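Here's the structure, in structure tokens; my notes come after.
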Amino acid sequence: NAGVTQTPKFRILKIGQSMTLQCTQDMNHNYMYWYRQDPGMGLKLIYYSVGAGITDKGEVPNGYNVSRSTTEDFPLRLELAAPSQTSVYFCASSYRDSKNTEAFFGQGTRLTVV
Amino acid sequence: EDQVTQSPEALRLQEGESSSLNCSYTVSGLRGLFWYRQDPGKGPEFLFTLYSAGEEKEKERLKATLTKKESFLHITAPKPEDSATYLCAVHFSGFQKLVFGTGTRLLVSP
């Protein structure tokens, strides 16, 4: 039972480069999320999706893009990387019906932009 | 603005020394409060969900409680393996997102 899988675990990017952070879940969850975690700042929501084909912005979406073509996958795209995007990125998923349920998190991607 | 505040930022305990962590929130319609544990270099791991004031949940040495304005995570007779950062998150009515606190770093010394 893999849960939420993120790749890569670590990455160093140069300023201006682009990359895609991959996220896959095998729990048939309808909701998926991308968060970033900076020291002392807590988890901030970048983008989320309520189902395949539907995405929406969170608190800090600038500089990022997402897509959700399948239930399982929710990649996060960084265009023109900037040092401010140095962070640890977490993907999460949850199942929602009439009641909110807990989100399950991946192990994270540590990104450094130099 | 809806906010989630955790205290203390850091807590150092001796093994066996019980204590409590606090999560206070200002909301316009609480839909659920979640406690997570996060170990260094790992993603948050789900512990508890609380939905209404008065609700309590227990798991081993941990017990979570909820009032109308705050939640407590009580740690009874902690062990060194309980050392981690404990995160609180709140789901507000009308919002699709979880709002996280900044966490409490717990260190339990043998």
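Please enumerate the residues belonging to the stretch B:57-110 that are within 14 Å of chain A (Cβ to nearest Cβ) and of a type in the set (Lys, Arg). Correct list: B:Lys57, B:Lys59, B:Lys97, B:Arg105.
Answer yes or no as to whether B:Gly54 is within 11 Å of chain A (Cβ to nearest Cβ), in contact with a strand residue (DSSP E or B) (Cβ under 9 Å, 6 or more places away or on another chain) and either surrounded by fewer than 21 Cβ atoms within 10 Å (Cβ to Cβ) or not acidic (Asp, Glu) (or both). Please lay out each step first, then the result.
Working: within 11 Å of chain A (Cβ to nearest Cβ): no; in contact with a strand residue (DSSP E or B) (Cβ under 9 Å, 6 or more places away or on another chain): yes; either surrounded by fewer than 21 Cβ atoms within 10 Å (Cβ to Cβ) or not acidic (Asp, Glu) (or both): yes.
So B:Gly54 does not fit the description; no.
In a residue-by-residue description of the stretch B:17-37, the property of being in a strand (DSSP E or B), away from chain A (no Cβ under 12 Å) and open to solvent by 60 Å² or more (accessible area, probe 1.4 Å) applies to at least one position. Within the stretch A:69-104, the set of residues being in a strand (DSSP E or B), at pLDDT below 95 and of a type in the set (Lys, Arg) comprises just one member, A:Arg96.
Considering the stretch A:6-36, and only residues there that are under 11 Å from the mean Cα position of the chain (by Cα) and within 13 Å of chain B (Cβ to nearest Cβ), the residue that is most open to solvent (accessible area, probe 1.4 Å) turns out to be A:Arg36. If I filter the stretch A:57-68 for residues that are among the small types (Gly, Ala, Ser), in a strand (DSSP E or B) and at positive phi, do I get at least one hit? No, because not a single residue in the stretch A:57-68 is among the small types (Gly, Ala, Ser), in a strand (DSSP E or B) and at positive phi.
Considering only residues that are open to solvent by 40 Å² or more (accessible area, probe 1.4 Å) and either at negative phi or basic (Lys, Arg) (or both), which ones fall in the stretch B:3-16? Answer for the stretch B:3-16, where residues must be open to solvent by 40 Å² or more (accessible area, probe 1.4 Å) and either at negative phi or basic (Lys, Arg) (or both): B:Gln3, B:Thr5, B:Ser7, B:Pro8, B:Glu9, B:Ala10, B:Arg12, B:Gln14, B:Glu15. Screening A:Ala81, A:Ala103 for residues that are away from chain B (no Cβ under 14 Å), open to solvent by less than 10 Å² (accessible area, probe 1.4 Å) and more than 12 Å from A:Ile46 (Cβ to Cβ) leaves exactly one candidate, A:Ala81.
The values are calculated or read from the model by the stated rules, or taken from the named source; none is laboratory data. Remember, it's a predicted structure, so these values are computed and weren't measured experimentally. Counting neighbours? That spans all protein chains shown, and the Cβs are built from the backbone with ideal geometry, glycine included. For the accessible areas, the whole protein counts, side chains as well, though only heavy atoms, and no ligand, DNA or RNA atoms are used. Shrake-Rupley method; radii C 1.70, N 1.55, O 1.52, S 1.80 Å.
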